[in-house]
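The values are calculated or read from the model by the stated rules, or taken from the named source; none is laboratory data. Every value quoted in this text rests on a predicted model; they were computed, and no experiment measured them. Neighbour counts run over all protein chains shown; Cβ positions are idealised from the backbone, glycine included.
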Amino acid sequence: MSIDWMKLLFALLGLFIVLNYGLLQYGIIRRITARIGKRIGMPVYQPYIDLIKNYAMRSQITHGVMYYLGPVFRLAGGVGVFMFMPLIFGSELWSNYSFSGDVILILYFIFFGMLGMALGASEGGHPYSFIGISRGLSQFTTVEVPFTLAVIAIAAQSGSFSITEIVAAQQGGIENWNIIANPFAGAAGLLAFLGMMMAAPFNVVQAPTEIPIGPPTEYHGTYLGMLQTNRAVLYIAEAILMVNLFFGGATNWVELLLKVFMVSMWPVFVGLVFPRFRIDQSIPWFLKIPLILGIIGIFMI
Amino acid sequence: MVNPVHIVSIGLAAAFLMSLAGKRQQNILAYFLMIAVGAMSFISLQWLMEIYSGGAGREVFTAGFKPPFAINLRMTMDEAVLTSIINIFGLFSIIYLFDTFKKANNHLLSIFIIYLMGLNVMVMTRDLFNLFVFLEIVAIATAGMMIMSSDKKGISAGFKFLIASSVISGLLLLGTLFGYTYTGTLNIDMMQALPLIKGGAVALFLIVVALVLETKPFPANGWALDLYTSANHGVGAMLSVLSAPAIMFVVYKMLPVIPQDWQLVISFFGIITFAASNYLAIRQENIRRMLGYSSVAQGGLLLATVGLADYLGGSFYFVALGFLLTNLFAKAGLFWLGGIVNSDNMNKWGILRKKPVLLLLFGIFAAALAGLPPFPAFFAKWELVMQLGAGEGWGWIAIMLIGSLFEIAFLFKWVGRVFKAENEENAPANFAMHKQIPALLLGAGIIAASYFFIDYLNFNLTFVLIPLLAIAAFFVIDYAPAFIKNILLIGALSFYGYMIYPELQGDIMKLVFAGIFLIGGVLTLFPGFSAKGARKGFYPFAAMTIFGLLMLVNPADNLTFFMGWELMALGSFILILRGKMAEKPAFRYMLFSAGGAYVMMAAFAMLNNISGAEFFGNINIPANTAGIIFALLAIAFMLKAAAIGLHIWLPGAYAEAEDDATPLVSGVLINSGVLGLVLLVTSFGPQTLFGYDILHIMGWIGAITAIGGNMLAIYEEDMKRLIAYSSVGAMGYIIFALAINTKLGLLIALYYTILHFIYKTMLFISAAGVMHRTKTRNMYEMGGLIKSMPLSFIVVLIGIITLAGMPPLAGFAGKWMFYNAIILKEWYIQGAMIFFSGIVAFLYLYKLISSVFLGQLKDNHRKVKEAPFYYIIPQLILVMAIMVLSVQPQWLMQPLSTIIPASFAGEALQWDGNLATLSTGYWNAFTIMSVVMAMFGILFLWLVYHSRKAQKVKQFNIVFAAEKPFRPETTHVSYNIFAAYKKALGWMVTPLATRFWERLSDIFTAIADKFRTWYTGNGQTYALHLLIYAFILYIAISGGKLL
């Protein structure tokens, strides 16, 4: 197999952009939430400082092989989701490795990182990790239901699971965007997106007060750095997925980042308004209104 | 040739002489009796040989006149067989009862030989009045023999029997009287015109009703049951295998006189007796009474066969002989074993385990009686059902099969008890040789009979006879050490694979399933190398299971398929039963298996009318013409594949089987259901039932099964039950994929079958290794085993990634195809359910791997080692297979695509190198793997560079705020880890199916209990029953119009 160096270069460049954008956006979001809470908040560049600090940490321990590999899995999962995602519509070079598979690949690749992280954290042996993981996985099962329905509805509408095809079908004006063309599927997708982002009211997984930061409790230093890197990349990648599926994709970077920013604000605002659900509330929640919306979305095809 | 009349004369003379002998020389008398019966046997056997080799029979005219002026006896093939059976069995009985005969007084010996003589005459005579006389003689002799048990119950039963007999004789005598008046003769052969004469029908009816009542029909048979219950085991055996067939033969003799429509009514009453008696037997705890019910049931079956003699035509002898021989050998064998164990309490029967030969005999008798292959009743039942089907006697088939199911129920409850009942310490197991040897001879007899039946049916050598021989061989060498037997079985399987390969070459469908069964069989046997001792009883049944499965691959006809199916069920039943706590689950498994099998049998009977005996996988049924057959077969196969609602046998059966037998009975065996479903879908195409598209229903069943199975798995704490439930889920996918019924759907089903076989076998063997080391099945008692069992961990990791369908491993291909298939089929909602279940699977997969391998290592597991070498080898082979499939899935999928019939709807998967495309999507396993590997590698190196100084810390060195964890148990989070999920969605796993089946079984047993009160034990009531029965039969036969 010959390596297309040009493609690799552009993919890495895209990754670099997304990573920086992700860190920056995280800083901005923290700032916004602080302001709404009548606090000043941290500097926008704080995520950079955290990252550098973590990568530079001196003391390092390990609980075993799986613990060690956990963050690798997690970051590989996040980067993978990005790598298999086409970024800019109509641009061969900015389509990453999306020729390997379609949206199904991305949906399932999200699990790759989750599982690796879960296993790594479990080897740490900390009870909080277990609790966090069991909550995270439980919630995720039902989050995926409306999301899957939405994806199926949209794929059936565009006749393909290929993201490029789905974006292509949405070209030619805002009225072609899936969020307008199939508002029910779009709504189901957006509600599920809240769960995917694990922001309030669905942030019980990492529940900072009762089980300090959940699964990653035992992680520190470089491990934590990798997890933070992953958060920056994965959140943006998932937002790009939303943009591609429901908001017409993007034909240039400015449009893409703008749309990503708008989409990312959605869980932020919801989280600011609503308090946190208990885990046994959040699990069935997705099987109520979002599920019904998803089913209606399917019947709208 | 000795004149057959000498059978009678010897009997009479011996009886006379013995009664003169007095009480002193009892010992000698017993030998004398033996010689006399031996002489009687000789005469009948001599005739049997003569007639068998082409000689003519003989008509004996007593008193020198021809009928109607004198009685004539007849000796043809029928009589020769029956009298031989009577006399030889009588001889065996003497041996069996030798100690009783030695102690009893001389009159008993006389009574015994009179009884035998009476039966002989009943068979041979052609004279109605003579028949009446000898019926009376036999009845009195029977009552006399009851004294042998010499307790109050026995004597009262004998008295009730006499009451019943006199009622019946009264009827018979009246009938004979009228018959004589109308026809002027007592000779049966000359009475043909009797029903045509005005009033003659009444006479005939009286005769018929008397004879039918003699066959102990349900429910007018309380007297007979009491007789069986209190009779000595030897006497019970004789009542069951001598008296009953003799009376059946009398009915058979009368058939030319009995009008056709009467015959059918009698036959139908026989079937009802069969079903009802078996039904009542399920509530029976007393072994002898249970055997009594069973004898009555077998009698009903024989009566039904006799009544259908004209209808069955050429098949009659085949069917009748099958039932007769089974009854003879197996029923008598069970009675005699009862005498050996000498207890009517099922729990005492465990003592048989001390004598493996007797245990094997017991198993053979029970299986033969239950109509399982390769015993004669199996073939007889098949033939009878096929013939009934040809005449569209669906009601008959239904009653008979339901009866058979009840038969399985009580017999296998008993089998389970014998295998599992706890023995009292030091209970003596010194059984008398003179009792064991006759029982052994019966065992030999049933095997010989089976041999002749199989030989007669001309089965295919390679695909039926060699497997059967191989199974038999493993019974013979069961004394060898386990290691040698393991090598031999693996060798036999490999060689068999080598042998059948040329025959299957070119037929990829058959190759796939033969491969699964063979490779699966061999791989799952590997762990057996670490077993110690002889491991008696494992290998014969493992061989039976695997070879039974192989018979399903390339059967010539439906019978072969069905035989393989039943063999596999029987073999796996015993394998499951070998587990420590397996009695109940194994029983449940057997019941469900049998239920499915009988549903299948009914379907085959229907299919027989459409396409003959041809194997259903080789034919093409036009769409929408055979909905009911399709539905029945689908139910049967889905039962094996554990579709939701029919799944409740599965978790118990898989979990309680021995750890290293579980991979075989689950990962491998479950594919038999899939095989059936695949063949069904490919050869029938879409079918409708009452206007519903069955495949559409199956699609929903598949989706619900997938969710149900996976949901149930996440709450399991038991490692094996968890994996077992996950099998239910996986079967849901396969059923769903088949129901899609497009090219892609079938491809998914086949791909998933193979994949599920690989990962499930892998997981189960791995689990077996872990349980072998930790000695527990509860996952919360494990933890942290990754350090001591790294290989097992890697295997489980790869297994669960595959199962979860995560890229880059092979499971993703299945998920990807599923998405496309449901979009193409437009089954969105069911499809979404399938995906939901796939994600639910994450929960239990995480639990499986983290509770066992991650988290806190327990103190008692600190010295645990990696699973034994022989456990690891098959796992690694399977892992390798998964890895290859992950990178190059087309190596498997392209051949699979070639077997999908072109007639299937939908588009086919296109391959361009490594890129798979459909109109709806694309995926390239190779580049995905490359990208993932590259990313993972780079990130790993990045981490290694950064954390190169990382220190390994101790187990408890964790960030534990303000307190110190002091025991692994309090820190390892595993038990009920998904409590929140249960709180939220626990309602989805309400055990509706379990409740339904348990309620059903409760209702059935309660009704059976109620019905049993009909048998009050009062002789007068019994006499009334007889009259009521006569009245009902009268109504049924004539509609009340005879008079």
* To do: Considering every residue within the stretch B:547-558, establish whether at least one is of a type outside the set (F, W, Y), in contact (Cβ under 8 Å) with a residue 60 or more places away in the chain and under 21 Å from B:G652 (Cα atoms).
  => no
* Restrict the check to the stretch B:842-861 and report whether at least one residue is surrounded by fewer than 20 Cβ atoms within 10 Å (Cβ to Cβ), away from every other protein chain (no Cβ under 14 Å), part of a helix (DSSP H, G or I) and within 36 Å of the chain's Cα centre (by Cα). => no
* Asked: Which one of these does B:W565 not meet: (1) more than 19 Å from the chain's Cα centre (by Cα); (2) crowded, with 21+ Cβ neighbours inside 10 Å?
  -> (1)
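Conditions tested, residue by residue: (1) among the hydroxyl-bearing types (S, T, Y); (2) in a helix (DSSP H, G or I); (3) free of Cβ contacts under 8 Å to residues at least 24 places away in the same chain; (4) closer than 13 Å to A:L245 by Cα.
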| residue | (1), (2), (3), (4) |
| --- | --- |
| A:L107 | no, yes, no, yes |
| A:E123 | no, yes, no, no |
| A:G136 | no, yes, no, no |
| A:G172 | no, no, yes, no |
| A:G186 | no, yes, no, yes |
| A:L190 | no, yes, no, yes |
* Of the conditions (1) within 26 Å of the chain's Cα centre (by Cα); (2) of a type outside the set (S, T, Y); (3) assigned by TED's automatic domain parsing to the domain that holds B:F547; (4) more than 25 Å from B:P374 (Cα to Cα), B:P481 clears all except one; give me its number. => (1)
* To do: State all residues of the stretch A:54-72 that are at the interface with chain B (Cβ under 8 Å from one of its Cβ atoms), closer than 24 Å to A:L15 by Cα and surrounded by 24 or more Cβ atoms within 10 Å (Cβ to Cβ); if no residue qualifies, say none.
  => A:P71, A:V72
* Asked: Among the residues of the stretch A:144-170, which ones are touching a residue at least 12 places away in the same chain (Cβ under 8 Å), part of a helix (DSSP H, G or I) and farther than 20 Å from A:L293 by Cβ?
  -> A:I163, A:T164, A:V167, A:A168, A:A169
* Tally, over the stretch B:639-665, of residues that are more than 17 Å from the chain's Cα centre (by Cα), part of a helix (DSSP H, G or I) and hydrophobic (A, V, I, L, M, F, W, C) -> 2
* Subset of the stretch B:867-925 [of a type in the set (G, A, S) and either more than 14 Å from chain A (Cβ to nearest Cβ) or in a strand (DSSP E or B) (or both)] -> B:A867, B:A881, B:S897, B:A902, B:S903, B:A905, B:G906, B:A908, B:A916, B:G921
* **Cβ-Cβ under 6 Å pairs, at least 6 apart or on other chains, the stretch B:213-224 side within 12 Å of B:A297 (Cβ to Cβ), far side among the β-branched types (V, I, T) and modelled with pLDDT of 90 or more** => B:T215/B:I247; B:K216/B:V296; B:P217/B:T273; B:F218/B:T273; B:N221/B:V296
* If we scan the stretch B:86-97, do we find a residue that is among the hydroxyl-bearing types (S, T, Y) and not in a helix (DSSP H, G or I)? -> no
* Answer yes or no: is there a residue in the stretch B:811-829 that is of a type in the set (A, V, I, L, M, F, W, C), more than 9 Å from chain A (Cβ to nearest Cβ), within 38 Å of the chain's Cα centre (by Cα) and closer than 18 Å to A:L69 by Cα. => no
* Asked: Hey, among B:V931, B:V953, which residue is under 30 Å from A:Q228 (Cβ atoms), in the same structural domain as B:Q910 (by TED's automatic domain parsing) and either modelled with pLDDT of 85 or more or touching a Lys or Arg at 6+ places or on another chain (Cβ under 6 Å) (or both)?
  -> B:V931
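Quick check: anything in the stretch B:424-433 of a type in the set (D, E), exposed (fewer than 14 other Cβ atoms within 10 Å of the Cβ) and on the phi < 0 side of the Ramachandran plot? Before the answer, list the steps.
From the stretch B:424-433, those of a type in the set (D, E) are B:424-425; that's our starting set.
Checking the rest, the ones that are also exposed (fewer than 14 other Cβ atoms within 10 Å of the Cβ) come to B:424-425.
Filter again for on the phi < 0 side of the Ramachandran plot, leaving B:424-425.
Yes, there is a match, as at least one residue in the stretch B:424-433 is of a type in the set (D, E), exposed (fewer than 14 other Cβ atoms within 10 Å of the Cβ) and on the phi < 0 side of the Ramachandran plot.
Could you check the stretch B:695-809 for helices (runs of 4 or more DSSP H) lying wholly inside it with 2 or more residues that are over 27 Å from B:K580 (Cβ atoms) and without any contact (Cβ under 8 Å) to a residue 60 or more places away in the chain? Please lay out each step first, then the result.
Numbers: elements: B:719-740, B:743-774, B:790-804.
Fully inside the stretch B:695-809 and qualifying: B:790-804.
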* Asked: If you check B:Y279 against the conditions, is it in contact with a helix residue (DSSP H, G or I) (Cβ under 6 Å, 6 or more places away or on another chain), crowded, with 24+ Cβ neighbours inside 10 Å and under 12 Å from B:S240 (Cβ atoms)?
  -> no
* Asked: Would you call B:S494 of a type in the set (S, T, Y), in the same structural domain as B:A867 (by TED's automatic domain parsing), at pLDDT below 90 and farther than 30 Å from B:I85 by Cα?
  -> no
* Structure fact -> Of the residues in the stretch A:141-162, those that are within 7 Å of chain B (Cβ to nearest Cβ) and under 14 Å from B:I839 (Cα atoms) come to A:T141, A:E144, A:V145, A:T148, A:L149
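Would you tally the residues in the stretch B:17-31 being in contact (Cβ under 8 Å) with a residue 40 or more places away in the chain and either part of a helix (DSSP H, G or I) or not basic (K, R) (or both)?
Within the stretch B:17-31, the subset in contact (Cβ under 8 Å) with a residue 40 or more places away in the chain is B:18-19, B:21-23, B:26-27, B:29-30.
Keeping just the survivors that are either part of a helix (DSSP H, G or I) or not basic (K, R) (or both) gives B:18-19, B:21-22, B:26-27, B:29-30.
The total comes to 8.
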* Are any residues in the stretch A:91-104 in contact with a Gly (Cβ under 9 Å, 6 or more places away or on another chain), at the interface with chain B (Cβ under 7 Å from one of its Cβ atoms) and in a helix (DSSP H, G or I), and if so, which ones? -> A:I104
